[in-house]
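Computed from the coordinates by the stated procedures, all read-outs in this text should not be read as laboratory data. Note that the structure is a prediction, hence the values are computed from the model and not measured. In this analysis, Cβ positions are derived from the backbone assuming ideal geometry, glycine residues included, and neighbour counts consider all displayed protein chains.
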Amino acid sequence: MFKRLLLASAVCLFISPQYAKAADGLRIFVSKAEQTMTVYDGSTLIASSKVSTGKPGHETPSGIFSILQKRKYHESNIYSDAPMPFMQRLTWSGIALHEGRVPDYPASHGCVRLPKGFARQLFGMTRGGVHVVISEGSIAPRSITHATLFTRAPLPAAPVPAPELLSDAGSLPQLATSKGPVEVAMNASSAEKASNPVTTLRMLITRRSKQDQIKDVQEMLTELGFDTGEADGVLGPKTKAALESYRDAHLVPKASEPLSEALLESLYHISGKSAPPSGKLVLREDHKEILTADIAIKQPERPLGTHLFLAAATGRADAAVDWQAVSLPNALTKRQAGRLGITSPDEASSITAEEALSRMEIPKSVRETIEAMLGDGSSLTVTDDYYSAETGKGTDFITLVRD
C-alpha cells in the first residue's frame, strides 16, 4: 500500500483543491527535458505532474498550441485504435494530451501522456481554447507591462439618476395614463454588452510572407487591367502571364526572379501605392480570421524571437489588462533568415519579450478595433517565420518552434 502511495505522489505532484473545476485564465506548460507538466491560473501555479512525451523517432513537437477538442474516451485512428481516455486534442494531425502509461522517460508516439488520476482532473479543469505550451526546457509565465500591449476600451460610465424634482403637482402616478413613449432603464453591464461587445481573441504578429507579397502583386496587376485570376498568393501560370504582359507594357527589364526589385518598384509606383512594411498582424475569433493589417517592425534585419502574451482581468473599470508572457527558444535556419532578410539569426532565442514589443508599430485604427473587443483569455503570439500546416479551419494559431 505504501509503495502505491509513493508511486502516486511521484507521478502526480499536486492539484490545488480550489481548482478542481474549470477556471478561467488556465495556461498549461510541458517540459520535454524534465517530463513534467505545470498548470497555472494567471501567474499562480495550481497543479503539476509527471508526463511522458514522444520517444525517439516520434518526438512531441515544441510550440504554442491550444485545446481544440475534448473527449472523455477516444481511440487512436493512427495506432491500432489504442485507447486515449480523457483526450484533449492539440492538433488535427494527432497530437493530444491523454491518459496513458507514464514511465520516467519519453515513451509515447508523440502525444503527451498523463497519469490516470491527473488526466481526469485536468480534463475537468480545462475548456476549449486553453493554451498548451510545449518546450524542451521548463518555462513559466511572468507578469509584463508594455505600452505596445493592448488595453481595454474604457467601460461606459453608469448613468447618473436625475434628481427628484419638488412640485405641488398631484401625486397620482402618470405612467399608467401616459400615451407617449416610455424609456426603460438598462443596467450598466447590459448597456456595455450592447454597445461594446468583448470576446476571446487570438492575435498573431509575424513577418509578411512571400505569399502576402504575391497576393499584393496580383491585386495591383488586376487593378491595372492585367488579369491574374483570383488573388490567392500563388505564382501560377495566369499570374506569370500577367507579369510578362506588365513587363512588356512598362519596359521593365527581365530578371532571374519573377518578382524582381525593379518590377516591384515599378508596380507600386504605377499603382500609386507605397511598399508595405515588413510585418503583419492577423486577428482570429472562434477559429476564423476577421482582420489582417500591415504593421511596421523597426530594425527588420534583426529577429523578434517567439513569444506568447496572455491577457486576463480585462473587465476592470480602469481599462487595464493584466498580461503574462512566456518566451520560447526558436532557432532560425540560414535559409529562413535569408528569406526574411534577417542578418543576425543567432540572436533569435535571446530577444526578450519587451524588446520585441518595443520594435512594433501598430496603427491606431487597428489598436482601437482590438481594444474594443479584447476579452479575458485573449492572446498574442509573436514569431518571425510563421508557417504551420497545423493552422487551419477549426484551430487557433499553432506555432511550431525549433528548440
Residues other than R402 with Cβ under 14 Å of its Cβ, Lys/Arg counted +1 and Asp/Glu -1, net out at -3
Of T91, T383, T199, how do they rank once you tally other Cβ atoms within 10 Å and put the fewest first? T199, T91, T383
First select every other residue whose beta carbon is under 10 angstrom from the beta carbon of T333; then total the charges, Lys and Arg +1, Asp and Glu -1. +3
Take E230 and K288, extend 7 Å from each Cα along the Cα→Cβ direction, and tell me the distance between the two endpoints in nm. 1.8 nm
Exposure proxy ranking, count of Cβ atoms within 10 Å, fewest first, for L243, L251, L380: L251, L243, L380
With viscosity set to 0.890 mPa s and temperature to 25 °C, compute the Stokes-Einstein D of the range 297-399, Rh being the Kirkwood radius across alpha carbon pairs; µm²/s, no decimals. 161 µm²/s
Given the C-alpha centroids of the range 54-69 and the range 84-154, what is the distance between them in whole angstrom? 10 Å
Only counting other Cβ atoms within 10 Å, I'd like D294, D318, D385 sorted with the fewest neighbours first. D318, D294, D385
Output ³J(HN,Hα) for the range 346-355: one whole-Hz value per residue in order, computed from phi by the Karplus curve 6.51 cos²θ - 1.76 cosθ + 1.60 with θ = phi - 60°, and x for Gly and Pro. 5, 8, 4, 8, 10, 6, 7, 4, 5, 5
Cut-off 14 Å, label 7 Å out along Cα→Cβ of Y268, residues of the range 341-364 by amide N: none
Counting every C-alpha pair in the range 212-271, the percent lying more than 17 Å apart is 25 percent
The FRET efficiency for S350 and A249, from their Cβ-Cβ distance with R0 = 41 Å and rounded to 0.05, is 0.30
Exceeding the 19 Å Cα-Cα cut-off - candidates K240/K334; K210/K238; K50/K116; K210/K364: K240/K334; K210/K364
Local electrostatic count at E361 - Lys and Arg +1, Asp and Glu -1, tallied over other residues with Cβ under 13 Å: +4
Can you work out the FRET efficiency for the pair E219 and T36, with r the C-beta to C-beta distance and R0 = 56 Å, to the nearest 0.05? 0.70
Taking placed amide H atoms and a strict 5 Å upper bound, the residues 5 or more places from D376 or on another chain that come that close are T314
